[in-house]
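Colleague: Mind having a look at this structure? Questions to follow.
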Amino acid sequence: MIARQITIHEDVASTAHAIAARLITSITDAIAARGVAHVVVTGGTLGIASLVALAQNPARTSVNWSQVHFWWGDERFVDSGSADRNVLQAEPLFAALDELGLDRGTVHAMGSSDQYDSAEQAAAAYTQLLAQEAPEGSASPVFDVLMLGMGPDSHVASLFPNHTRSDELGAIAVHDSPKPPPHRVTLTMGTINTAREVWLVVAGADKAPALAAASHEINEAAVPASAVHGTEATRWIVDRAASTLL
């Protein structure tokens, strides 16, 4: 497994800006190498703060945003207008990039409860969409960067400890989520770990015990964050409060 590279920043704001700067560089490199970039973004406090920082970064104007595909690691299966939707919380980023050539057709949101009758239907539709954008013989695009937040219980995306596991590729439905809302759609661990780079982005003292647990041993069932990795790089980008027990 690729060794983790841990970068510690002083606070949430500096961590968010560092993530944004690194993401611009990674996207630029991907486009230069392959003509397209596939990025999986995440919600949560730090995830959304990073997207806001990206929208404010002066270097954003150097990116050909028409060549960037945005994906989601998970989404709450609620109404499309709900403030709980990650994609709605990220709208300031997409609005800022509209003027820089972003193609909204490459912002791949997971389905909502007013679009599909069940989370299973939404997950199946996202799995199909991933396959449509994938190289021949693959189940999903080769993600250049896949960003994940982490909960105090060590969950990533909507893969919760001793709750959500699947050997499938693509997206699956989640019910009775330990964290509300109860119904969600998430990428599977197998799909997450196909990304070139996986970034675990974590902030806050309440996350320190889970981050420490994830660093000690790989246990996908009990500590999902411990099992995430990229094929080329695994980066933990954290603030000082979250790193205190490492």
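The values are calculated or read from the model by the stated rules, or taken from the named source; none is laboratory data. Quick caveat: nothing in here was measured; it's all calculated off a predicted structure. Ideal geometry is used to build each Cβ from the backbone, glycine not excepted, and the neighbour counts take in all protein chains shown. Protein only, heavy atoms only, side chains kept; ligands, DNA and RNA dropped before computing areas. Shrake-Rupley method; radii C 1.70, N 1.55, O 1.52, S 1.80 Å.
Colleague: Just give me the residues in region 48-62 being open to solvent by less than 50 Å² (accessible area, probe 1.4 Å) and either over 20 Å from the mean Cα position of the chain (by Cα) or on the phi > 0 side of the Ramachandran plot (or both), in sequence order.
Modeller: Once the filter is applied, which keeps residues that are open to solvent by less than 50 Å² (accessible area, probe 1.4 Å) and either over 20 Å from the mean Cα position of the chain (by Cα) or on the phi > 0 side of the Ramachandran plot (or both), region 48-62 yields only Ala59.
Colleague: Also, I was wondering about something else. Among the residues of region 237-246, write down those that are surrounded by 22 or more Cβ atoms within 10 Å (Cβ to Cβ) and out of contact with any Leu (no Cβ under 6 Å at 6 or more places or on another chain).
Modeller: Ile237, Val238, Asp239
Colleague: Report, by residue number, each residue of region 197-212 that is under 21 Å from His17 (Cβ atoms) and buried (at least 16 other Cβ atoms within 10 Å of the Cβ).
Modeller: Glu197, Val198, Trp199, Leu200, Val201, Val202, Ala203, Gly204, Lys207, Leu211
Colleague: Going through region 1-39 one residue at a time, which ones are β-branched (Val, Ile, Thr) and part of a strand (DSSP E or B)?
Modeller: Once the filter is applied, which keeps residues that are β-branched (Val, Ile, Thr) and part of a strand (DSSP E or B), region 1-39 yields Ile6, Thr7, Ile8, Val39.
Colleague: Of all the residues that make up region 150-181, how many are of a type in the set (S, T, N, Q) and under 20 Å from Gln128 (Cα atoms)?
Modeller: Going through region 150-181 one residue at a time, the tally reaches 2.
Colleague: Can you pull out every residue in region 129-152 that is more than 18 Å from Val107 (Cα to Cα), of a type outside the set (A, V, I, L, M) and touching a strand residue (DSSP E or B) at 6+ places or on another chain (Cβ under 9 Å)?
Modeller: If the condition is that a residue be more than 18 Å from Val107 (Cα to Cα), of a type outside the set (A, V, I, L, M) and touching a strand residue (DSSP E or B) at 6+ places or on another chain (Cβ under 9 Å), then Gly149 is the only one that fits.
Colleague: Quick one: in region 213-225, of everything that is in contact with a strand residue (DSSP E or B) (Cβ under 9 Å, 6 or more places away or on another chain) and farther than 24 Å from Ile48 by Cβ, which residue is surrounded by the fewest Cβ atoms within 10 Å (Cβ to Cβ)?
Modeller: It comes out as Glu217.
Colleague: Among the residues of region 180-206, what is the count of those that are touching an Asp or Glu at 6+ places or on another chain (Cβ under 8 Å) and either within 24 Å of Asp117 (Cβ to Cβ) or of a type in the set (Phe, Trp, Tyr) (or both)?
Modeller: Residues flagged as touching an Asp or Glu at 6+ places or on another chain (Cβ under 8 Å) and either within 24 Å of Asp117 (Cβ to Cβ) or of a type in the set (Phe, Trp, Tyr) (or both) within region 180-206 amount to 7.
Colleague: Give region 76-102 a look and list any residue that's touching a Gly at 6+ places or on another chain (Cβ under 8 Å) and touching a residue at least 24 places away in the same chain (Cβ under 8 Å), or say none.
Modeller: Phe77, Asn86, Gln89, Ala90
Colleague: Condition (residue is touching a strand residue (DSSP E or B) at 6+ places or on another chain (Cβ under 7 Å), assigned to a loop (DSSP other than H, G, I, E, B), crowded, with 23+ Cβ neighbours inside 10 Å and polar (S, T, N, Q)) applied to region 163-170: is it met by at least one residue?
Modeller: yes
Colleague: If we scan region 171-178, do we find a residue that is small (Gly, Ala, Ser) and either in contact (Cβ under 8 Å) with a residue 40 or more places away in the chain or surrounded by fewer than 17 Cβ atoms within 10 Å (Cβ to Cβ) (or both)?
Modeller: Checked against the condition, which is being small (Gly, Ala, Ser) and either in contact (Cβ under 8 Å) with a residue 40 or more places away in the chain or surrounded by fewer than 17 Cβ atoms within 10 Å (Cβ to Cβ) (or both), region 171-178 yields at least one hit.
One line per residue, one yes/no per condition, for (1) modelled with pLDDT of 95 or more; (2) among the hydrophobic types (A, V, I, L, M, F, W, C):
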residue	(1), (2)
Trp71	yes, yes
Arg76	yes, no
Leu93	no, yes
Ser113	yes, no
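Colleague: Same structure again: Pick out the one residue from Thr194, Thr234 that is surrounded by fewer than 24 Cβ atoms within 10 Å (Cβ to Cβ), in a strand (DSSP E or B), under 18 Å from the mean Cα position of the chain (by Cα) and of a type in the set (Ser, Thr, Tyr).
Modeller: Thr234
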